[in-house]
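In what follows, a single structure is set out as structure tokens and then discussed.
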Amino acid sequence: MHSLDGKKIVVASHNEGKLREFADLMGPFGFEAKSAKAYGLPEPDETGTTFEENAYIKAFAAAKATGLPALSDDSGLCVDALDGAPGVYTANWAETADGTRDFGMAMQRTEVALQEVGAAEPGRRTGRFVAVICLAFPDGEAEYYRGEAEGTLVWPPRGELGFGYDPVFLPNGFDKTFGEMSAEQKHGWKPGQPEALSHRARAFQKFARARLGSA
């Protein structure tokens, strides 16, 4: 197993929301975590059909280009009534004709799909956010850490915090959507704390315990 003694790691993402969350999570461990964007790396095509495959594509591309270990996540919203869609194609549902991403449109598309299958009651609107973190090294070695957050899809969207589909996701046991939560509430987790909330923080918690000596 490769070590992470160098305290340098590439966060293989160009997504500003993800980069902020990773920066917050990596902070307590003293790592210099620079983004793939900061290294001037292009975004690789995500051609995988699973979260694991897409996470590896991004992490290995960054590791190979920089010679440093790289951390990437692939994440998405899996809605039970839609047979797990949008899933690995979560970001694709937000793509517009000019190549930009409109998550307001993506949330609307998800709601229309739920209405089409008659999923009006909360019990039929269950789903989960899934995040798979991949730690990859320049020689191709890789490790995976998976986190999930269960919840219910609400409509209309609530809150302007977070990013992506956060305003329509109400995590189980809470009365605020991810879009109504502060960054600290949503993914705040520090070494020694028992449980993280968001899917990305839960995946990171597993990574930290396995690789960073966290309790």
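Give region 191-215 a look and list any residue that's in a loop (DSSP other than H, G, I, E, B), on the phi < 0 side of the Ramachandran plot and surrounded by fewer than 15 Cβ atoms within 10 Å (Cβ to Cβ), or say none. I'd like the intermediate steps shown before the answer.
Going through region 191-215, the residues in a loop (DSSP other than H, G, I, E, B) turn out to be 191-198, 212-215.
When the remaining residues are screened for being on the phi < 0 side of the Ramachandran plot, the result is 191, 193-198, 212, 214-215.
Residues satisfying the conditions are PRO191, GLN193, PRO194, GLU195, ALA215.
Are any residues in region 2-21 in contact with a Leu (Cβ under 8 Å, 6 or more places away or on another chain) and modelled with pLDDT of 80 or more, and if so, which ones? LEU4, LYS8, ILE9, VAL10, VAL11, ALA12, SER13 - these are the residues of region 2-21 that are in contact with a Leu (Cβ under 8 Å, 6 or more places away or on another chain) and modelled with pLDDT of 80 or more. Scanning region 145-177 for residues that are over 13 Å from PHE103 (Cα atoms), buried (at least 22 other Cβ atoms within 10 Å of the Cβ) and either hydroxyl-bearing (Ser, Thr, Tyr) or at pLDDT below 95 (or both) yields TYR145, THR177. All told, GLY84 falls short of being at pLDDT below 95 and assigned to a loop (DSSP other than H, G, I, E, B).
In region 121-138, what residues are without any contact (Cβ under 8 Å) to a residue 60 or more places away in the chain and not small (Gly, Ala, Ser)? Walk me through it before giving the result.
Within region 121-138, the first condition is being without any contact (Cβ under 8 Å) to a residue 60 or more places away in the chain, and the residues that meet it are 121-127.
Matches in region 121-138: GLU121, PRO122, ARG124, ARG125, THR126.
Summed over region 63-87, residues that are more than 17 Å from the chain's Cα centre (by Cα), under 22 Å from HIS199 (Cβ atoms) and of a type in the set (A, V, I, L, M, F, W, C) total 2.
The values are calculated or read from the model by the stated rules, or taken from the named source; none is laboratory data. Computed from a predicted model, the values in this text were never measured in an experiment. Using ideal geometry, Cβ is built from the backbone for each residue, glycine included, and neighbour counts are taken over all protein chains shown.
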